[in-house]
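Rule-based calculations on the coordinates, nothing more; no lab input. Since this is a predicted model, take the numbers as computed values, not measurements. For neighbour counting, all protein chains shown are included, and Cβ atoms are generated from backbone atoms with ideal geometry for every residue, glycine included.
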């Protein structure tokens, strides 16, 4: 069964902590500069199967607590990712970009358009161009369907079971909670077994992803030299005392002078594009740093910067405040953020962070006031709206939180965690039917169609539904039933409806 085999390969690759950047070195790949079209993957594995397999691995990663579900970081990743994917000249995938809680330097792509960057990679990048280079390369792996093509190439091989490899993921996540060194040790302990089974892209596929990624970057307005620049950053990290953080990346993605020269030559053929780092990149890089690992250690990091004459930039002061909130010092964060807002009244992220600090200090009125002020300046801003809804719920105004989220999600699609938040708000506000409906949406996003079906059936069985609710729930129920029927037809051995 192709979907089951695809899932097994994906699980094996993620178990080693990375899925298929595989920046292999070689020159023979450069001989073929054209993307491979008309691959057997297009006929043998459907896009729907790829998406289902990607959802399966996403669910395991989410359940292991490895996804950084932070509204501000998620919004930034989606913004930069969609800027790239909209230029990828491919309209078959709906891309999702996210951050994994992991201090090692890595990134990976799942079929179906799921693209991740580890926290450690984001912190290590020196510019937005470097981050865009990594994401563009991963996006190209998806658009060219490299994973599906490789699964077909390896279909004759014996593959380790999905369960065994996903257990390795959970082992790494559990061992690493609160202890980055332990997580690195767990990853390295499973690395040799994972490498044996993971997808090893052919050289032609890797160079294809490089070529397409560089052109995608340029088309999206990023400097294509960001890709070779990041290779050079990796080389420097590999020789530093902190080299363990880049071991994982370099095992999967060996970088040599030839590889750097090849990517730099291609980027120079395109020509330099002037792209200055956005303020969002600088702020989110520090936010990721502040949310990774022990927050008290991060507070000490920023304090040491200040002792040594640094830590005075907007982004560093913002990072300190975010770390203080995480470390249980919302009062200290409030002082810093109020001072920053006086200096930078048009920076969206400062309103969200100050609202978060007030909320952490149980100052509900102050939190709502500053968040509403931010929303007046930046209407329907997703992170600000989420923060205000959280404040309303903590203050006991669940109906207002529900209405606020309804208005937002009529315009933008929620993440799975945001769908769960509105379900919680609806339930607390007494709208039980809508709560079940939103939970059904959460399960759809999580690839759990049977659970979604059950939620919709419960919702339709409740008394007092208005005609609009009944029509909406019924239509969604039929869509879910159709999706389950297709799954059963395509995967007859998997009769429980799991994605």
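If you average 1/r over every pair of different alpha-carbon atoms in the stretch 370-490 and take one over that average, what Kirkwood value in Å do you get?
Numbers: mean 1/r = 0.0663 Å⁻¹.
For the stretch 370-490, inverting the mean 1/r across all distinct Cα pairs yields 15.1 Å.
The convex hull of the Cα atoms of the stretch 345-408, projected and averaged over all directions, covers 3.6 nm².
Please compute one quarter of the surface area of the Cα convex hull for the stretch 282-490 and express it in square nanometres.
Numbers: hull surface 55.3 nm².
With the hull built on Cα positions only, its mean projection is 13.8 nm².
Kirkwood radius, the stretch 91-144, all distinct C-alpha pairs, inverse of mean reciprocal distance: 11.2 Å. Rounded to 0.05, the FRET efficiency of the residue 428 and residue 306 pair, given R0 = 45 Å and the Cβ-Cβ distance, is 0.60. Sorting the segments 314-322, 338-346 by their residues' average number of neighbouring beta-carbon atoms within 10 angstrom, most packed first, yields 314-322, 338-346.
Take the alpha carbon gyration tensor of the stretch 400-456, find the square roots of its eigenvalues, order them as a ≥ b ≥ c, and report rounded if a/c is under 1.5; if not, report prolate when a/b exceeds b/c, else oblate. Spell out each step's value before the answer.
Working: a/c = 2.43, a/b = 1.34, b/c = 1.81.
Oblate, since a/c reaches 1.5 and b/c is not below a/b.
Highest-first packing order for the peptide set 214-224, 453-463 is 214-224, 453-463, based on the mean count of other beta carbon atoms within 10 Å. Shape class for the stretch 289-343, computed from the alpha carbon gyration tensor (a ≥ b ≥ c): oblate, with a/c not under 1.5 and a/b at or below b/c. Put in line by how crowded their Cβ is, counting other Cβ atoms within 10 Å and starting with the fewest, 263, 482 read 482, 263.
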